[in-house]
Amino acid sequence: MESVVSKVNSAAPEPLKPWRELCDSDNKKAEDKLRSNIKQNNSTDFKITLVGNSGAGKSSFINSAFSISRRRIADVVRVKGEAVSGIGTFSFDGERAGPDDLFPSVVFLDTMGFSRSDGNKCNGISEEDLKRVCNGEIRIGHKFNVDSAKATTNKYRPNCVIFVVSAEIFLHDFNSTNIVLKEKMGSLYHCVPIDIPRIAVLTKCDNICNDTAKDASNIFKSRIVERVVKKAATTLGLQENKVFPIVNYTKEVELKTTMNVPILYAVQFALNFARDNARSQLPDED
């Protein structure tokens, strides 16, 4: 007769309970709900500004959002390959969604990244330039750390700022480069005026968790990802429900529902907070 112990040992392990509950346990239904919520509740010319370390995937996040919107891999922003060193974006660039997009009239604004240079210093976007971005004092095409001319209107003042950060820098606290990048991220975070809502998007979660690399639907079950989300929230002074782990579209040639859902959550919250912010602001001057 088979022992009770052998029965217990041979039983399949219970699936991990998600550390963040989705709007629906079925990924396809969750994606449909998120798409519906975004499309129904978006009708304003929102400006969403992205800030983040070099190589984190700000441009890839924009492309991923547009890919999901258009149900195919989109290339609206040129992306620097990971094997190429350097900052990437040097100028203030914007990409406006069209009337057929999931989020029509929304403008995604990309800023210069930053990376560790010598010692405890970072090169890239300065605190002063980010303050000017948040005050709406620069125009499309502005060269970061070079141009000094100020715009005369607040046309591009953001309604929401997304801090796009590689999850890898929160994985190993003892890494000196990660420490410097986190300090830089924290200083930039505090340059954003208190009246502008902020969220964080953690990219490259497939690089820190094998289960997530195999199947992106594991992103909200992974204890490694959960731990990194908590660290990011502490570093930036955000609530955990404002930190969104994702995997960008960088290798795939077809869309996957399991990758779409985490990205759509980030987009939905950014647009919701942008809407709240827009309602509290006076109209832009001509």
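The values are calculated or read from the model by the stated rules, or taken from the named source; none is laboratory data. Every value quoted in this text rests on a predicted model; they were computed, and no experiment measured them. Cβ coordinates were reconstructed from backbone atoms using ideal geometry, including for glycine residues, and neighbour counts include every protein chain displayed. Areas reflect the complete protein model, heavy atoms only, side chains present, ligands, DNA and RNA absent. Shrake-Rupley method; radii C 1.70, N 1.55, O 1.52, S 1.80 Å.
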> Got a sec to turn the phi values of region 113-128 into Karplus ³J(HN,Hα) couplings, 6.51 cos²θ - 1.76 cosθ + 1.60 with θ = phi - 60°, whole Hz, x for Gly and Pro?
Replying inline: x, 8, 8, 6, 9, 10, x, 9, 10, 10, 9, x, 4, 8, 4, 5
> Considering only DSSP beta bridges with both partners in region 86-234, what is the antiparallel share in %, to the nearest 5?
Replying inline: 55 percent
>> Projecting each Cα onto the charge dipole of the chain (Lys/Arg +1, Asp/Glu -1 at the beta carbon, about the Cα centre), which of 225, 65, 36 comes out farthest on the positive side?
In response: 225
>> Given the C-alpha atoms of region 210-286, compute the convex hull and give its volume per residue in Å³.
In response: 144 Å³
>> Sort 16, 22 by heavy-atom solvent-accessible area, probe 1.4 angstrom, most to least.
In response: 16, 22
> For residue 177 and residue 223 in one chain, what is 0.36 nm times their gap in residues minus the Cα-Cα distance, to one decimal in nm?
Replying inline: 14.2 nm
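Please give the contour-minus-distance gain from residue 252 to residue 126: 0.36 nm per residue of separation, less the Cα-Cα distance, rounded to one decimal in nm.
Values: separation 126, 0.36 × 126 = 45.36 nm, distance 3.35 nm.
That works out to 42.0 nm of additional length.
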>> Can you list residues from other chains, or at least 5 along the same chain, whose modelled amide H is less than 5 Å from the amide H of residue 244?
In response: 200, 201, 202
>> Ignoring everything except DSSP H segments at least 4 long, calculate the 222 nm mean residue ellipticity for the chain; use -39,500 (n - 2.57) per segment, divide by total residues, nearest 500.
In response: -10500 deg cm²/dmol
> From the phi of every residue in region 173-179, what ³J(HN,Hα) in whole Hz does the Karplus formula 6.51 cos²θ - 1.76 cosθ + 1.60 yield, where θ is phi - 60° and glycine or proline is x?
Replying inline: 5, 7, 5, 5, 5, 4, 4
> What Kirkwood radius, in Å to one decimal, follows from the Cα pairs of the chain?
Replying inline: 19.7 Å
> What is the antiparallel percent of DSSP beta bridges lying wholly in the chain, to the nearest 5?
Replying inline: 30 percent
> Measuring from label point to label point, each 7 Å out along Cα→Cβ, what is the residue 76 to residue 155 span in nm?
Replying inline: 1.9 nm
> What is the diffusion coefficient of region 160-223 in µm²/s, taking the Kirkwood radius over Cα pairs and the Stokes-Einstein relation at 4 °C with a viscosity of 1.567 mPa s?
Replying inline: 98 µm²/s
> Long-range amide H contacts for residue 45: which residues qualify at under 5 Å (H placed 1.01 Å from N, peptide plane, sequence gap of 5 or more or a different chain)?
Replying inline: none
> Ordering 234, 44, 250 by how much accessible area each has at a 1.4 Å probe, largest first, what is the list?
Replying inline: 234, 250, 44
> If you roll a 1.4 Å probe over the chain with all protein chains in place, what percent of the accessible area is carbon or sulfur?
Replying inline: 50 percent
>> Quick check for me: using +1 on Lys/Arg Cβ and -1 on Asp/Glu Cβ, what's the dipole size of the chain about its Cα centre, in debye to the nearest 20?
In response: 120 debye
> Could you give the radius of gyration (one decimal) and Dmax (whole number) of the Cα atoms in region 63-199, in Å?
Replying inline: 15.9, 48
> Listed here are the pairs 28/221; 17/182; 221/251; 184/242; 58/221; which of them are more than 26 Å apart at the Cα?
Replying inline: 17/182
> Quick one: accessible area per residue over region 172-275, 1.4 Å probe, rounded to a whole number of Å²?
Replying inline: 42 Å²
> Using a simple charge model, +1 on the beta-carbon of Lys and Arg, -1 on the beta-carbon of Asp and Glu, nothing else, what dipole does region 132-271 show about its Cα centre, in debye to the nearest 20?
Replying inline: 320 debye
